[in-house]
Amino acid sequence: MTTAEESIAARLQGVQQRIRQYCQEAGRDPTSVHLLAVSKTKPLSAVQAAYAAGQRDFGESYVQEALSKIHAFHPQDLVWHFIGPIQANKTRAIAEHFAWVHSVDRVKIAERLSAQRPDALPPLNVCVQVNVDDEPTKSGVSLTELPALMQAVNQLPRLRLRGLMAVPAMRTELSLQRQPFAQLRVALQSLQRQAMALDTLSMGMSGDLEAAIIEGTTWVRLGSAIFGAR
Ligand SMILES: *Cc1c(COP(=O)(O)O)cnc(C)c1O
């Protein structure tokens with residue numbers, strides 16, 4: 001192994017250890033929190049090093065960059081997740097090459113993904129992205145508009161609507177970091193009461209992992225904690 005590969009393997013072990021520890025402190029089953037390795041801007045060799053160390057789920061934010069990695073490296077059990085902003089002219093590539101999309105925030109994009117999902121593949125797993133802090137520069141639907149969008153996306157035949165995703169504004173204190181994640185959890189619970197079969201909260205990054213685990217995340221999306229600073 002090269003030094004770069006060794007450090008990716010070591011950091012991966014470190015974050016898995018942190019996830020287990022936070023789960024234990026929160027009284028959660030550690031197998032209920034899945035690790036998405038966010039490899040955006042990192043070379044294919046970094047994906048391959050994490051894969052060799054046992055990581056199977058990878059997140060990408062830019063379609064062209066993702067496609068070049070996917071075409072170059074496609075073991076059967078590697079699962080690609082799209083987590084970036086989605087332009088309408090990129091939906092076909094996403095529908096054809098990814099298993100999950102965490103960042104759906106308008107019905108037009110969801111309709112295109114459903115129409116373009118190849119019949120030979122299982123339905124595309126989808127989360128709707130929520131702009132929990134109502135930040136003008138950020139993607140995501142508002143909490144007010146969320147229920148209507150969820151109802152619409154839930155009707156689409158080639159999508160499997162799984163839950164909610166958010167990227168809250170930066171906060172440094174644990175108690176403050178928990179607030180937007182708690183809002184997302186409450187929103188998911190409310191939708192579940194409306195008979196939607198949802199099981200996913202995609203929330204928590206390198207800087208707010210513990211808060212997300214306390215508030216019930218099921219997918220933590222970690223980039224720099226695994227691959228180093230971008
Ligand atoms: C880049 C990115 C991440 C990972 O961020 P880190 O701070 O490097 O852990 C997670 N989620 C989304 C949506 C991202 O764009």
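The values are calculated or read from the model by the stated rules, or taken from the named source; none is laboratory data. Owing to the predicted nature of the structure, the values given are computational and were not obtained by experimental measurement. So basically every Cβ, Gly included, is an ideal-geometry build from the backbone, and we count neighbours across all protein chains shown.
Sort out which residues of segment 69-93 are surrounded by fewer than 16 Cβ atoms within 10 Å (Cβ to Cβ), under 23 Å from Asn131 (Cα atoms) and among the aliphatic types (A, V, I, L, M), and write them in order of number.
Result: Ala88, single match.
Among the residues of segment 160-179, write down those that are aliphatic (A, V, I, L, M) and within 16 Å of the chain's Cα centre (by Cα).
To start, the set of residues in segment 160-179 that are aliphatic (A, V, I, L, M) comprises 161, 164-167, 169-170, 174, 176.
Matches in segment 160-179: Leu161, Leu164, Met165, Ala166, Val167.
Within segment 56-121, which helices (runs of 4 or more DSSP H) (wholly inside it) include 1 or more residues that are in contact with a His (Cβ under 6 Å, 6 or more places away or on another chain)?
It comes to 63-72.
Restricting attention to segment 36-54, does a residue exist that is without any contact (Cβ under 8 Å) to a residue 24 or more places away in the chain and outside any loop (DSSP other than H, G, I, E, B)?
no
In segment 94-130, what residues are within 16 Å of the ligand (Cβ to nearest atom) and surrounded by fewer than 19 Cβ atoms within 10 Å (Cβ to Cβ)? So that I can check it myself, show each step before the final result.
Of the residues in segment 94-130, the ones within 16 Å of the ligand (Cβ to nearest atom) are 94, 98, 100-105, 109, 125-130.
Of everything in segment 94-130, just one residue is within 16 Å of the ligand (Cβ to nearest atom) and surrounded by fewer than 19 Cβ atoms within 10 Å (Cβ to Cβ), namely Asn125.
For a quick check of your reading: which strands (runs of 3 or more DSSP E) sit entirely within segment 153-230 and have at least 2 residues that are more than 16 Å from the ligand (Cβ to nearest atom)? Don't jump to the end; show me each part of the working.
On the way: elements: 159-166, 200-202, 219-222.
By residue number, 159-166.
Of the residues Leu164, Leu201, Leu222, which single one is closer than 14 Å to Pro147 by Cα and at pLDDT 95 or above?
Leu164
Which number in (1) touching a Gly at 6+ places or on another chain (Cβ under 7 Å); (2) more than 14 Å from the ligand (Cβ to nearest atom); (3) not small (Gly, Ala, Ser) marks the one condition that Ile83 misses?
Of everything listed in (1) touching a Gly at 6+ places or on another chain (Cβ under 7 Å); (2) more than 14 Å from the ligand (Cβ to nearest atom); (3) not small (Gly, Ala, Ser), Ile83 misses just condition (2).
Can you give me the number of residues within segment 127-141 that are hydroxyl-bearing (Ser, Thr, Tyr) and either assigned to a strand (DSSP E or B) or within 18 Å of the chain's Cα centre (by Cα) (or both)?
Qualifying residue count, segment 127-141: 1.
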